[in-house]
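Rule-based calculations on the coordinates, nothing more; no lab input. Not measured: the values here are computed from a predicted model. Counting neighbours? That spans all protein chains shown, and the Cβs are built from the backbone with ideal geometry, glycine included.
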Amino acid sequence: MGGRALLLALSLVGCAHGELRVARLSGVAPSAPSARVRVIRRQQDLPRGQEIAFIELTGDDGDLELTEMVATLRETGRELGASVVAMVRVDRVAGAVRVIAVAIRR
């Protein structure tokens, strides 16, 4: 995950019981929605490709279940035209959860 490129746009969207933030990287051409998006958690599974956006998903730990988080990340990646969304970090603190992910186009 490079520190390259400025963030082009930041969008906030409410999702189920959480909040979703998407920061698209500048210089990345938009593309049509993807047919399929794979969500991964293990760094060794991280594929090569072009990073197109960073995604942050936050919410209450009790309300935001893993399956719901994965579905939200998958749909967000699909809308961005990504083929993979990699969960880079998952933090659970005092009843809250935060997921940081990167959307990758291969």
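With contacts taken as Cα pairs under 8 Å and at least 6 residues apart, the stretch 48-105 reaches a relative contact order of 51 percent.
List the trypsin sites (Lys or Arg not before Pro) within the stretch 34-73 that fall in a DSSP loop (any state other than H, G, I, E or B) and whose Cβ has at most 15 other Cβ atoms within 10 Å. Walk me through the intermediate numbers first.
Values: sites: ARG36, ARG38, ARG41, ARG42, ARG48; in loops: ARG36, ARG41, ARG42, ARG48.
For trypsin sites (Lys or Arg not before Pro) across the stretch 34-73 that sit outside H, G, I, E and B with at most 15 neighbouring Cβ atoms in 10 Å, the list reads ARG36, ARG41, ARG42, ARG48.
Seen through its C-alpha gyration tensor, with square-root eigenvalues sorted a ≥ b ≥ c, the stretch 44-83 comes out prolate because a/c lies at 1.5 or above while a/b is bigger than b/c.
Going by average Cβ density within 10 Å per residue, which order do the peptides 94-104, 25-35 take, highest to lowest? Let's see the in-between values first.
Working: 94-104: 19.0, 25-35: 11.6.
The most tightly packed comes first, giving 94-104, 25-35.
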